[in-house]
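To start, the structure under review is shown below, and the notes come after it.
Values quoted throughout were computed directly from the atomic coordinates according to the rules given, and no laboratory measurement underlies them. Computed from a prediction, not measured in an experiment: that's the story for all the values here. Positions of Cβ are backbone-derived with ideal geometry, glycine not excepted, and every protein chain shown enters the neighbour counts.
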């Protein structure tokens, strides 16, 4: 964050049992701050923030004099949950996004998904990646037993993301059991999660006799040094919005296997041109995809994709959008 941009902490910093409780208890503080500062534009940056942001803007007394924007960062489509969950999600999605002045999705597929619930035009601005920074950090050293010369006769896979149900690490671990028929692959998992979630995955690995093949590395300040030394990036997500990790893996020059989940993954991999797409929640299909990708060379295709990922394009779009919204706010009745 540039030093001349003020950052204001709103509400209590006390640790809450989960994110939902934390957001709910701070709605009134956020509403008070909006009323005091009277912004021209108020932007909610992620799906989990939208409902608290809408309630806070109403409490502020300033809603009619500012532009409310919502950035859609994740698909609302989920696997499992039964018929009731399937019926409730469109309703919840509409509740989240209805009455916003503008909505921006991080992928075209996600923009289409949100637009289908009757919100009109939803803009798309991809996240973008600081390509130069990723390349610089990828060149730094990283040492790990899986990557030593004597262990490199078998592929080293890398996966990255929050240790949570959404990311499908359980499916990825199960796929290694199928994969070892042909490859005794190793897996490096980068990402933080609760001790409970990590312990569940460790127990699954132990049950499948894979404990020696998987290392959970937790959060890493420089994940790109790790990714660039691996043989393949694998994403087993059940849903996304637009996976930053996929784009970062492309910049690191990695072959990729990913689940064809909603939303944005197929888009990021250009329909399979830049990586192998497999069904969601199918360990055996994921294993087959890994084998197929290990035996393929996409070098030129991967290299040509990197330029479109640079964050400069996204930043330019955001500047234009926010400048327009400030002008529209200025035209609203005071």
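The table below gives the values:
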item	result
For 30, 70, 294, 254, order by how many other beta-carbon atoms lie within 10 Å, fewest first	294, 30, 254, 70
Cα-projected label distance for residue 314 with residue 38, points at 7 Å along beta-carbon direction, nm	3.4
Listed residues 279, 90, 145, most fluctuating in the chain (Gaussian network, C-alpha, under 10 Å)	145
Highest-MSF residue in the chain out of 126, 155, 262 [GNM, Cα springs under 10 Å]	155
Additional length obtainable on full extension of the chain from residue 326 to residue 219, 0.36 nm per residue less Cα span	34.8 nm
Footprinting exposure proxy for 97, 183, 219 (fewest neighbouring C-beta atoms within 10 Å first)	219, 183, 97
Sum of -39500 (n - 2.57) over DSSP H runs of 4+, divided by residues of the chain (222 nm, nearest 500)	-12500 deg cm²/dmol
Separation of alpha-carbon centers, the range 148-193 and the range 260-333, rounded to whole Å	22
Nearest 10 degrees, 0 to 90: helix 169-179 Cα axis against the chain principal axis	20
The range 131-308 shape via C-alpha gyration tensor axes, a/c threshold 1.5	rounded
Footprinting exposure proxy for 113, 267 (fewest neighbouring C-beta atoms within 10 Å first)	267, 113
Highest-fluctuation residue, 196, 108, 184 considered, GNM on the chain with Cα pairs under 10 Å	196
Folded to 0 to 90 degrees: helix 82-97 orientation relative to the chain principal axis, Cα	50
